[in-house]
Amino acid sequence: MSNYKMIVMDMDDTLMTSDNVVSPETKDYLIQLQEEGYKIVLASGRPTEGMIPVAKELKLDHYQSYIISYNGGKTINAKTEEIEVSKSVTKDHFDKITDYCRKKGFLTLTYQDGQIIFDTEHEYRKIESELTGLPMKQVDDIKAYIQSDVPKTMGVDYEENISKARNELNGTFNSDIDVTTSKPFFLEFMAKDVSKGNAIKALCEKLNISLSEVICFGDSLNDQSMFKVVGYAVAMGNASEELKKIADKVTLDNDSNGIPVALKELL
């Protein structure tokens, strides 16, 4: 055994190929590592329900591991599906975010009861549903429909518009809401201090694993927080240049089994 005990990976454009599946080679290797005693954890911006099928395919439930969803807003036990940590966006802040997205002309998406809720048409509106497998529910007015806290909210639009808004906001919407991007056309709003990095810290504390014993894989801006806290950070070959700059290593892309290639060298 190496000194590492836990391997955390993002899903979209990292674990998942461009066809939105886990390659057979990657899957077999990750199951083998769990048999050897390593903890495999998924950490994604995806909603929880959109992660469970992949977690089960990788046998995370069998090996009693964890799923970090909504960019760190929720952590669940893959076996029992019990919630370990949950931090939400309040209704008041949800309304402010919706106003902001409307002003910018972005499509607003949020989540309730395992569904993606939206109220306007957009060319990109189906992307999140296609990625996560969750059904979409169109409502007349998302602000009137949503009357409770939500796990996260997204503004969806063309890449250049999202990029501009991201640069303007620079990580913060207001003192209670943080902002990041997972895909170039998704602007994600979460409760303050919700990040993959903070979720991994809390999970390691619970499991009595040192952060130096963790390897992580990612491709996008919302992976930055975990790259900064774990012992060894690996950027995918297809990762953003920003992320590659802070990685300990760059592996092959998500269509070339980048995860097992790097792990075979590291472990």
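Observations
- Mean-square fluctuations from a GNM of the chain, with a 10 angstrom spring cutoff on Cα atoms, peak among D119, D99, D140 at D140.
- The orientation-averaged projected area of the convex hull spanned by the Cα atoms of the range 73-117 comes to 3.8 nm².
- Between D255, D95, D19, the GNM of the chain built on Cα springs shorter than 10 angstrom shows D19 fluctuating the most.
- Acute angle (nearest 10 degrees) that the helix 159-169 long axis makes with the longest principal axis of the chain, alpha-carbon atoms: 90 degrees
- Given +1 at the Cβ of Lys and Arg, -1 at the Cβ of Asp and Glu and no other charges, the dipole of the chain around its Cα centre is 580 debye to the nearest 20.
- Counting 0.36 nm for each residue step from D149 to E121 and taking away their Cα separation leaves a gain of 7.7 nm.
- Orientation-averaged projection of the range 49-108 equals 5.0 nm² [convex hull of Cα atoms, one quarter of hull surface area].
- Of the beta bridges in the chain, as assigned by DSSP with both residues counted there, near 60 percent are antiparallel.
- Coordinate range along principal axes, alpha carbons of the chain, Å, largest first: 54, 37, 34
- 3J(HN,Hα) along the range 219-234, derived from phi through the Karplus expression 6.51 cos²θ - 1.76 cosθ + 1.60 where θ = phi - 60°, amounts to 9, 9, 4, 6, 9, 4, 4, 6, 4, 7, 10, 7, x, 8, 10, 10 Hz, with x in place of Gly and Pro.
- Among residues other than K245 with Cβ under 15 Å from its Cβ, the summed charge is -2 (Lys and Arg +1, Asp and Glu -1).
- Share of pairwise Cα separations in the range 162-210, more than 18 Å, in percent: 40 percent
- Max mean-square fluctuation residue, GNM over the chain, Cα-Cα springs under 10 Å, options G73, G45, G37: G37
- Seen from all directions on average, the range 147-267 presents a Cα convex hull projection of 9.0 nm².
- Using equal-weight Cα scatterers in the Debye expression, the normalised intensity of the range 91-191 in log10 at q = 0.19, 0.20, 0.21 Å⁻¹ is -0.89, -0.99, -1.11.
- Distance in nm between pseudo-label sites at E130 and T80 (7 Å out along the Cβ direction from Cα): 3.9 nm
- Ellipsoid equivalent to the range 14-126 - semi-axes via the Cα gyration tensor, in Å: 32, 17, 10
- Average accessible surface for the range 116-194: 47 Å² per residue, computed with a 1.4 Å probe over protein heavy atoms with every protein chain in place.
- Taking the protein heavy atoms of the chain in the context of the full set of protein chains, the accessible area attributed to carbon and sulfur is 44 percent at 1.4 Å.
- Between 0 and 90°, nearest 10: helix 24-35 axis offset from the chain longest Cα axis: 70 degrees
The values are calculated or read from the model by the stated rules, or taken from the named source; none is laboratory data. If you're wondering where the values come from, they're calculated on a predicted model, not measured in any experiment. Positions of Cβ are generated from backbone atoms using ideal geometry, with glycine treated the same way; all protein chains shown enter the neighbour counts. Just the protein is used for accessible areas: all its heavy atoms, side chains included, with ligands, DNA and RNA removed. Shrake-Rupley method; radii C 1.70, N 1.55, O 1.52, S 1.80 Å.
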